[in-house]
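The values are calculated or read from the model by the stated rules, or taken from the named source; none is laboratory data. Small disclaimer: the values here were computed from a predicted structure and weren't measured. Methodologically, a virtual Cβ is constructed for each residue, glycine included, from the backbone with ideal geometry; neighbour enumeration extends over all protein chains shown. Heads up: the accessible areas ignore ligands, DNA and RNA and are worked out on the full protein's heavy atoms, side chains in. Shrake-Rupley method; radii C 1.70, N 1.55, O 1.52, S 1.80 Å.
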Amino acid sequence: MRALTISAHGGTEQLEFRTDIPAPEVIPGTVRVRIQAAALNHLDVFMLAGLPGVNITPGWVMGADGSGIIDQIGEGVEGVSSGDRVVINGGISDRTCEFCKAGEQSLCVRFRLLGEHIPGTIAEYVVVPAQNVRKIPGSISIEEAAAFTLANLTAWRMVVSRANVGPTDEVLIWGIGGGVSQAALRIAKQRGARVWVTSGSDEKLEKARALGADETLNHRTTNVGKEIRARTGKRGVSVVIDSIGRETWERSLVALGRSGRLVTCGGTSGPMVETDIRRLFWNQWTIMGSTMGNDSEFDAVVKELEAGRLMPTIDSVYEIHSGRQAFERLASGEQFGKIVIKVAD
Ligand SMILES: [Zn+2]
């Protein structure tokens, strides 16, 4: 089958479009999806560079997000059938550990990711556990379906399940060019919050206003923390959504008001940060981590998708044989929204 692969870790030069990758076959409990489109996430760039404890076999298929049509059903699978149009949740859990049994699949002790521990979605076919797909209506475009799941699932857990954002909240979201940040903006607005967003590009901030952002700050030219304190009568925001890490951590905490909640789902600028614990306890902050989402959060976001809500902004679409250019676009940081790789019609 056709696939975008790597045979060694490194930069985008390692990406190779191949046509000789064996198509995966179903095993009991799984389904095979004929992929129509896949979408990129920041974790794909980390995967390309290499992650501790992750070993790939040459001809490794990249990609964690995707959508398509089921074409094979494994033994014992119920609720979905061949021909169903589906989106894929790229977080694979064992379904047997104590966290899975409690319904918290993204806390699974044997949590694995498509494209990282299991061959990914940027290929003609992918095999996943049946619990990792949900049917979607034919009215959703191929590109939107592919780009929807991981960003919305991650943002939903952060904004709804972890921070419990509501109408009285002021929310700061860093780096509004990214898919998770944009999903977080849409979800926070849907829940009635007032939302501040940042970007290093005025053009992206202008676009963010069109998505519903109430306040926009250029984090290259503005001292975000101080500016927010000044414009909120020194109160700060009640929630910060941060996926940038090292570059933004300190300013996130300057912006965070008393009893504030900070939720992080990543550290794209680096993982090590410093926190003044005197300010942590005095302000009675809650600092939370969040990773992807569980089955009920997957159901919740798919319900939104069915209703045509939280639709992702598509930055660009590449054909699978030009997949390397898609990764280069992601690595450049110039995108506004999701980068999609079209695999088939
Ligand atoms: Zn588990």
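When you look at R251, is it free of Cβ contacts under 8 Å to residues at least 40 places away in the same chain and crowded, with 22+ Cβ neighbours inside 10 Å, yes or no?
yes
All but one of (1) in contact with a helix residue (DSSP H, G or I) (Cβ under 8 Å, 6 or more places away or on another chain); (2) over 22 Å from F17 (Cβ atoms) hold for I122, so report the exception by its number.
Result: I122 fails condition (2) only.
Kindly indicate whether any position in region 90-100 is away from the ligand (no atom under 14 Å from the Cβ) and either over 16 Å from the mean Cα position of the chain (by Cα) or open to solvent by 20 Å² or more (accessible area, probe 1.4 Å) (or both).
No, region 90-100 contains no residue that is away from the ligand (no atom under 14 Å from the Cβ) and either over 16 Å from the mean Cα position of the chain (by Cα) or open to solvent by 20 Å² or more (accessible area, probe 1.4 Å) (or both).
Please pick out the residue among G120, G103 that is part of a loop (DSSP other than H, G, I, E, B), in contact (Cβ under 8 Å) with a residue 12 or more places away in the chain and more than 16 Å from the ligand (Cβ to nearest atom). Give the derivation first.
Details: G103 fails: more than 16 Å from the ligand (Cβ to nearest atom).
Sole residue among the options that is part of a loop (DSSP other than H, G, I, E, B), in contact (Cβ under 8 Å) with a residue 12 or more places away in the chain and more than 16 Å from the ligand (Cβ to nearest atom): G120.
Suppose the filter is more than 19 Å from the chain's Cα centre (by Cα), under 19 Å from L150 (Cα atoms) and crowded, with 24+ Cβ neighbours inside 10 Å; does V61 pass it?
no
Just name the residue that is farthest from G74 (Cα to Cα) out of those in region 106-117 that are part of a loop (DSSP other than H, G, I, E, B) and more than 10 Å from the ligand (Cβ to nearest atom).
The first filter runs over region 106-117 and keeps only residues part of a loop (DSSP other than H, G, I, E, B), leaving 108-111, 115-117.
Still in the list and also more than 10 Å from the ligand (Cβ to nearest atom): 115-117.
On the way: G115: 21, E116: 23, H117: 20 Å.
Top of the filtered list is E116.
Considering every residue within region 196-203, establish whether at least one is out of contact with any helix residue (DSSP H, G or I) (no Cβ under 8 Å at 6 or more places or on another chain), buried (at least 23 other Cβ atoms within 10 Å of the Cβ) and under 15 Å from D315 (Cα atoms).
No, because not a single residue in region 196-203 is out of contact with any helix residue (DSSP H, G or I) (no Cβ under 8 Å at 6 or more places or on another chain), buried (at least 23 other Cβ atoms within 10 Å of the Cβ) and under 15 Å from D315 (Cα atoms).
Considering only residues that are at pLDDT 90 or above and more than 23 Å from V340 (Cα to Cα), look in region 38-58 and name the one that is least open to solvent (accessible area, probe 1.4 Å).
So the residue we want is T57.
Which of the residues spanning region 90-114 are more than 19 Å from V26 (Cβ to Cβ) and of a type in the set (G, A, S)?
The answer is G91, A102, G103, S106.
Taking the stated definitions as given, is F46 within 20 Å of the chain's Cα centre (by Cα), of a type in the set (A, V, I, L, M, F, W, C), within 16 Å of the ligand (Cβ to nearest atom) and within 20 Å of A151 (Cβ to Cβ)?
For F46, the condition - within 20 Å of the chain's Cα centre (by Cα), of a type in the set (A, V, I, L, M, F, W, C), within 16 Å of the ligand (Cβ to nearest atom) and within 20 Å of A151 (Cβ to Cβ) - is not met.
Do any strands (runs of 3 or more DSSP E) lying entirely in region 255-345 carry at least 2 residues that are open to solvent by 60 Å² or more (accessible area, probe 1.4 Å) and closer than 18 Å to A163 by Cα, and which ones are they?
Those strands (runs of 3 or more DSSP E) span 256-264, 286-289.
Considering only residues that are part of a loop (DSSP other than H, G, I, E, B) and either touching a helix residue (DSSP H, G or I) at 6+ places or on another chain (Cβ under 7 Å) or at positive phi (or both), which ones fall in region 236-254?
The answer is G236, S243, G245.
Yes/no matrix, rows are residues, columns are (1) away from the ligand (no atom under 16 Å from the Cβ); (2) open to solvent by 20 Å² or more (accessible area, probe 1.4 Å):
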{"position": "P129", "(1), (2)": "no, yes"}
{"position": "N132", "(1), (2)": "no, no"}
{"position": "G138", "(1), (2)": "yes, yes"}
{"position": "E144", "(1), (2)": "yes, yes"}
{"position": "A151", "(1), (2)": "yes, no"}
{"position": "A155", "(1), (2)": "yes, no"}
{"position": "P167", "(1), (2)": "yes, yes"}
{"position": "H219", "(1), (2)": "yes, yes"}
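In this structure, does G233 turn out to be open to solvent by 20 Å² or more (accessible area, probe 1.4 Å), in contact with a strand residue (DSSP E or B) (Cβ under 8 Å, 6 or more places away or on another chain) and part of a loop (DSSP other than H, G, I, E, B)?
Judged against the criteria, G233 is not a match.
Condition test on E78, is it within 16 Å of the ligand (Cβ to nearest atom) and open to solvent by 40 Å² or more (accessible area, probe 1.4 Å)?
For E78, the condition - within 16 Å of the ligand (Cβ to nearest atom) and open to solvent by 40 Å² or more (accessible area, probe 1.4 Å) - is not met.
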